Every structure is written in C-alpha cells, then in structure tokens.
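**Student:** Got a structure for you, written out below as structure tokens; questions coming shortly.
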Amino acid sequence: MPASPRLHDFAQRVCDWQRQHGRHHLPWQGTRDPYRVWLSEIMLQQTQVSTVIPYYERFLARFPDITTLARAAQEEVMAHWAGLGYYARARNLHRCAQVVVAEHDGRFPTTSEAIATLPGIGRSTAAAIAAFCWGERSPIMDGNVRRVFTRYFGIHGFPGLRAVEQQLWALAEQAVEQASAPLDMGVYTQGLMDLGAQVCTRGKPQCAACPLASDCHARLHGLQQVLPEPRPKRVVPERHCAMLLLHGHGHVLLEKQPENGLWGGLWSLPRYDSREALVSDCQARGVAHAEKGRMASFVHTFTHFRLHIEPWMLEASSLDTETRPGERWIPFELLADTATPAPVKALLESLPPA
Ligand code: SF4
C-alpha cells in the first residue's frame, strides 16, 4: 500500500533539504531588514528571480531605505520599476512606504496580521516578511508553494477557487502547528519557495531530488502533470487600438495614463479605438497622416485580454501642434528615464535619430 502524505515531519524535511540544497546567496538573503525583505517579496510576485535581481539592486541603490522611498516622487519610483510589469505593485509599494513612515514612525509592524493591513501586502507576503524578519510561525501560500502542496497532498480543483484555497491554507497551518521539532521559520519559508522554484517545477518536477518524494501523492499516482488543476477555461477577449508615435524636432508626444486605467501612472503614446479615430485626431492636430507612417502591428497580452496594436509613426512639423490634457512633448534624451510600458518602450526605439 502506498504511503500517505504526512504532516508531522513535513516542515522538518523541507528545512533539512533547504539547508543542504536550497538557495543561500540571493541578494535579499542574510538580512532581517524588513524593507529589503518586503521589496524582494513584492518584486518576486509573478516574476522570476533572474529578472528581479538587477531591478532589486538598482532600486535599492536609489532608494536605500523606506524613508527615501516614501519621499521620492511617484514618477521616479515608476521609472525604476518600468519593465518589471504589474505596475500596481510599484504604486502600492510607494503608498505603503508613505503609510509606514507616516503611521508607524518609519518602522514596519512586526506581526503578519499588522503587516497584512498595509497597502499591496497580502496574507502570504505578510507571513513571509514576519517569518524572515522575526521568525513568526505563520505559513506562506504563494504560487510555488501551492504547486508543492497540491501535488504532495493530492488536492484537486483549481487552487484559485475559494474552497480549494481554504483547504491549502488549512494544510499550511497544520504543517507548521504539527511540526515535531523546533522550527526555523526563515529556513522553512525559504525551503518551500526553493522547492517550488527549483524541484517541484511546473513543467518537469524533479521528483528524484525531492525530499517529499517517498510519500508524495502526485508522484505515487503519476499525477504530476494533472496537479495543480488549471483555471477552468475562459475566452480571453481581443481588443484593438491604434497608437500614435508623433515626433518632431527631437521630441515625441507622450501622455500620462490615468492612475486606475491601463498602464496607470506610466507615460504612453496617444491611443485610439480605431485607425479612423487616429486619422481624425491627426487632422484636428494639423498633422499630415500618410500611409507610409504605418508600422507593423503586434499583439500585447495582458492577464485579462489581448491588445492588438496598430502603431503609426508620423512627423509633426512643429511642436505647437495642439496637445490634450496629460500630454507632453518629451525630448528623446529623456526617454530612458521616463516610465513607459514595455510595448511602448519597444516602439520608441524605432524613432529616427534627433
Ligand atoms: S515528489 Fe515530485 S511532485 Fe511531489 S512534491 Fe516532490 S517534486 Fe513535487
């Protein structure tokens, strides 16, 4: 009879494995500074370690502590985040720093419960900060950990469903409560993260190298490719837009995006629902619209829809052309320091030399 997954030594096995085989040299390890731990946790959401490292280092060089971050202009914070994606994270990060400075005297609260009340910090991130910095015995449950738990304990159903999520959190709590030996929460938390990122990977889990293999439900039943179950299928809506890359005299026209919309807070190109709307706006601005300005169309994928973008590069004879609220002529040499979303950044690279 196959062994069943067990809770009493789950945490100990993860810790033993982490000490021998886990990661020990990431730039945010070896510190109990909640500012650094928090920053790394937010950057690592939905983003790979190798992508995060250079952003983390640049960000810290410019904003070495929470007070510096709180006092910085949002524009500059966004510029240091541009390219990492999921920009609400950066806006919340900035807001959170301001709240910690204004309401907590610049010091992070020291319990996961209090940390979770701060902007942009969910239960799992709060638990990770409290575990790494103060050894609090509160479990995490991020995407990687969810994968380990669904496979090891054989949990069916899409983990984003409330009932499944609750089941996973309950198991995570029991694994900590029932740990038979004293538990180093920093090592355990890091171990779960490392196991999910390095061994129990999405595509090809390395079960032979896994400390949980002997009684893992998915391995024993050949369900590694079935668990975790995917989100029930839904149709991703397709949207279309035209974008105006209007330049002249070494400047390009950009518009600041409203905080709560697409690419909130970043600078983007004027965007239209259709080519016709773009053409008529060009007429209103006194800009000649010519077929040769048409660039190759492409698709940018967001979480909830796919955006088909038809860009047009046109030249303005003067910078006196009428601008709308939020628009500004930006000199080419300032573009590198301007926070723009990735597809716009790529389009700006096609601009002719000033
Ligand atoms: S044995 Fe395989 S499927 Fe199970 S937890 Fe380990 S790596 Fe994941």
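**Student:** Given N residues in segment 238-348, what is Rg(Cα) / (2.2 N^0.38 Å)?
**Tutor:** The value comes to 1.01.
**Student:** To continue, here is another question. Can you work out the FRET efficiency for the pair Gln46 and Val99, with r the C-beta to C-beta distance and R0 = 22 Å, to the nearest 0.05?
**Tutor:** With a Förster radius of 22 Å, E is 0.45.
**Student:** Considering amide H positions built from the backbone, and no H for Pro or chain starts, which residues 5 or more places from Leu314, or on another chain, come under 5 Å of its amide H?
**Tutor:** Amide H to amide H, under 5 Å and 5 or more residues apart or across chains, Leu314 pairs with Leu245, Leu246, His247.
**Student:** Cut-off 10 angstrom, C-alpha nodes, Gaussian network model of the chain. Which of Val279, Val100, Val77 fluctuates the most?
**Tutor:** Val279
**Student:** Quick one: work out the % antiparallel among DSSP beta bridges in segment 238-348, nearest 5.
**Tutor:** Antiparallel: roughly 60 percent of the beta bridges in segment 238-348.
**Student:** Compute the Kirkwood hydrodynamic radius of segment 65-117, taking the inverse of the mean of 1/r over all pairs of distinct Cα atoms, and give it in Å to one decimal.
**Tutor:** One over the average 1/r among Cα pairs gives 11.6 Å for segment 65-117.
**Student:** If the only charges are +1 at each Lys and Arg Cβ and -1 at each Asp and Glu Cβ, what is the size of the charge dipole of segment 238-348 around the Cα centre, to the nearest 20 debye?
**Tutor:** 240
**Student:** Continuing with this model, one more query. Once Rh for segment 10-220 is found with the Kirkwood sum over Cα pairs, what is the Stokes-Einstein diffusion coefficient at 25 °C and 0.890 mPa s, in µm²/s?
**Tutor:** Result for D is 137 µm²/s.
**Student:** Between exposed GluC sites (Glu not before Pro) in the chain, where DSSP calls loop and at most 11 other Cβ atoms lie within 10 Å, what's the longest gap?
**Tutor:** Within the chain, the longest run free of exposed GluC sites (Glu not before Pro) spans 1-258.
**Student:** Note the per residue figure in Å³ for the convex hull of the C-alpha positions in the chain.
**Tutor:** 158
**Student:** To test your reading of the geometry: what angle, between 0 and 90 degrees and rounded to tens, separates the Cα axis of helix 88-103 from the longest principal axis of the chain?
**Tutor:** 70
**Student:** Would you work out what percent of the accessible area of the chain, with all protein chains in place, is carbon or sulfur (probe 1.4 Å)?
**Tutor:** 51
**Student:** Hey, could you pull the Cα Rg and Dmax for segment 169-260, both in Å?
**Tutor:** Radius of gyration, then largest Cα-Cα span, for segment 169-260: 23.6, 71 Å.
**Student:** Okay, moving on. Give the relative contact order (percent, whole number) for segment 238-348; include only Cα pairs under 8 Å separated by 6+ residues.
**Tutor:** It comes to 39 percent, rounded to a whole number.
**Student:** Still on this structure, I have one more. Starting from the eigenvalues of the Cα gyration tensor, five times each then square-rooted, give me the equivalent ellipsoid semi-axes of segment 209-253, largest first, whole Å.
**Tutor:** With the √(5λ) rule applied to segment 209-253, the semi-axes are 52, 19, 5 Å.
**Student:** Can you give me the accessible area per residue for segment 244-309, using a 1.4 Å probe, in Å²?
**Tutor:** 48
**Student:** Given only helices, namely DSSP H runs of n ≥ 4 each adding -39500 (n - 2.57), what is the per-residue ellipticity at 222 nm of the chain, to the nearest 500 deg cm²/dmol?
**Tutor:** -12000 deg cm²/dmol
The values are calculated or read from the model by the stated rules, or taken from the named source; none is laboratory data. Predicted model, so just to flag it, every value in this text is computed and none were measured. Because the Cβ atoms are built from the backbone with ideal geometry, glycine has one as well, and the counts that use them run over all protein chains shown. SASA here: full protein model, heavy atoms, side chains in, ligands and nucleic acids out. Shrake-Rupley method; radii C 1.70, N 1.55, O 1.52, S 1.80 Å.
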